Amino acid sequence: MGRKSAKGKERKMRRKEESAKLAASQAIVDSANSLEDPMESLAPFKKFDRNGLNLIIECVRVTELDRDTTDWAFNLTKVNMQDLYESSSWGWKDRDKKEELTDDRAWYVIARNLDGQAVAFVHMRFDIDYDDEVLYCYEIQLMKEVQRKGLGKFLMQILGLIAHKTNMKKVMLTVFKNNIASSEFFKKVLKYEIDETDQSSQYPLDDYDYEILSKQIKIPKKTSEGQAGSSNGTSTSNAKVNGTPTKA
């Protein structure tokens with residue numbers, strides 16, 4: 001029986017390496033999803049008290065939310081986003097959006113006033129995208145009365161910190177090209193960039209009327225004592241955010 005070719009061995013080795021990498025990424029995602037509270041070590045970020053707002057912020061699984069809250073999240077998304085969906089190639093369907101918002105994999109970062117009324121939320125998921133462990137922002141939605149007060153940027157900062165704490169490689173999101181306010185917010189204010197997986201520039205606008213954006217999570221440098229450096233973050237601003245469409 002002849003010897004295996006060098007190329008055959010290389011292909012087998014690559015497959016093993018790819019399989020090991022995917023397994024390692026899945027383990028990181030599973031670990032993040034096993035947390036009781038991804039914001040447990042982020043106590044300073046559980047309050048937003050500025051620009052006339054006094055809010056409490058929590059991070060919970062969708063399975064822990066009551067029906068009134070998930071209905072509110074759907075209705076707010078519909079108010080903010082339906083027109084943008086209907087003017088895109090995606091279209092809008094109540095049933096599809098409700099199913100997406102209540103998927104068991106969903107996590108919510110929710111801002112509530114002191115009366116317990118929710119005023120803003122982020123729908124996020126720990127996921128694997130092209131073999132990379134990522135925190136994907138499916139939606140960020142703010143009620144009109146709390147927009148332009150720095151809350152949107154604060155919530156996205158929380159996502160960056162959660163991604164850092166859970167060893168995600170980047171935060172990702174999808175934004176409609178005709179959602180100018182949100183696109184400028186993410187690109188100019190938060191410094192998100194076109195993700196390497198985005199293909200919209202290679203195809204007609206009718207086929208790709210959205211962009212995939214991302215922000216890399218910086219790995220803290222080790223000091224001589226072996227302690228990790230501080231994580232990256234951003235301060236608040238007065239950017240208005242209506243929301244982002246769902247993951248393509």
Can you figure out the FRET efficiency of Arg148 with Arg95, using R₀ = 45 Å and their beta-carbon distance, to the nearest 0.05? 0.90
So, in nm, how far is label Asn75 from label Ser31 when the simple model puts each one 7 Å beyond its Cα toward the Cβ? 4.1
Within the under-13-Å Cβ sphere about Leu55, not counting Leu55, Lys/Arg +1 and Asp/Glu -1 give a net charge of +1
Explain nothing, just the number: dipole magnitude of region 35-216 about its Cα centre with +1 on each Lys and Arg Cβ and -1 on each Asp and Glu Cβ, in debye rounded to the nearest 20. 900
Give the relative contact order (percent, whole number) for region 35-216; include only Cα pairs under 8 Å separated by 6+ residues. 18
Please list, by residue number, every one of the chymotrypsin sites (Phe, Trp or Tyr not before Pro) in region 122-218 that is coil in DSSP and has at most 13 other beta-carbon atoms within 10 Å. Tyr130
Using 0.36 nm per residue, how much length does the chain from Lys47 to Arg105 gain when fully extended, once their Cα-Cα distance is taken away? 18.4 nm
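Quote the relative contact order of region 141-212 in percent (integer), defining contacts as alpha-carbon pairs under 8 Å separated by 6+ residues.
Answer for region 141-212 is 28 percent.
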Mind putting a number on the dipole of region 97-189 about its Cα centre? Charges go on the C-beta only, +1 for Lys and Arg and -1 for Asp and Glu, and I need it in Debye to the nearest 20. 540
Inter-probe distance in nm under a simple model that places probes 7 Å from Cα toward Cβ, at Gln199 and Ile128: 2.0
Given R₀ = 25 Å, FRET efficiency for Arg112-Ala181 by Cβ-Cβ distance, to 0.05? 0.55
Charge tally in the Cβ shell below 11 Å around Ile217, where Lys, Arg are +1 and Asp, Glu are -1, Ile217 excluded: +3
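Read-outs throughout are calculated quantities, based only on the coordinates presented, and are distinct from any laboratory measurement. In this text the structure is predicted, and so the values were computed from the model without any measurement. Because the Cβ atoms are built from the backbone with ideal geometry, glycine has one as well, and the counts that use them run over all protein chains shown.
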